[in-house]
Amino acid sequence: QVRARPRYLGMTWSNVTYNPPREWQTGAVIYVDVSSTPIDGSVYDPYIYPQATSITIISGPLCATTNMITGQPCTSYVEDLVNYFRTTRPGISATAGSQGGHGVDSRIVTSTAAMWSRMIMADRLVCPPYTP
């Protein structure tokens, strides 16, 4: 019963979060926070299926204006990850995920409920070290 509740809430909010199709079956979400430690994109590869149809890097509003603990702007790190995955996984970057299709995309999510919905519903959730 308790385990089903987060999934139910994720499904409830998924209709307003513009998830890529089938994200819950074959999509990956990488959550980045300003307290996260930036790591190279290749470190994520073993945790994301080769047959993934979408990779979305999500972050909260602080990422838009704050540097990470290394001094690198959070948005710069997110952009580096998007470029890495678009380069290394060209099969899924043909259509931008922001238009509801498959692809590699980034989003700054201002709604906590929407953010948690994406993280709960994704097939794979990956977070860098020290992410709360």
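The values are calculated or read from the model by the stated rules, or taken from the named source; none is laboratory data. It should be emphasised that the depicted structure is a prediction, and the values quoted were computed from it without experimental measurement. The area values use the complete protein model at the heavy-atom level, side chains included, leaving out ligands, DNA and RNA. Shrake-Rupley method; radii C 1.70, N 1.55, O 1.52, S 1.80 Å.
What to note about this one:
- Close amide H partners of Ile30, meaning residues 5 or more places away or on another chain with modelled amide H under 5 Å apart, are Thr56, Ile57, Ile58, Val126.
- Accessible surface comparison of Thr88, Thr131, Thr65, Thr56, probe 1.4 Å, protein chains only, largest first: the order is Thr65, Thr88, Thr131, Thr56.
- Evaluating 6.51 cos²θ - 1.76 cosθ + 1.60 at θ = phi - 60° for every residue in the stretch 80-89, the Karplus couplings come out as 4, 5, 4, 4, 4, 5, 5, 7, 7, 10 Hz, glycine and proline recorded as x.
- In a fully extended conformation the segment linking Asp80 and Thr110 would gain 8.7 nm over its present Cα-Cα distance, using 0.36 nm per residue.
- Note on the stretch 20-84: Cα-only Rg and Dmax are 12.3, 36 Å.
- Per-residue HN-Hα couplings for the stretch 67-77 [Karplus 6.51, -1.76, 1.60; θ = phi - 60°; Hz; x = Gly/Pro]: 8, 7, 5, 8, x, 6, x, 4, 5, 5, 5
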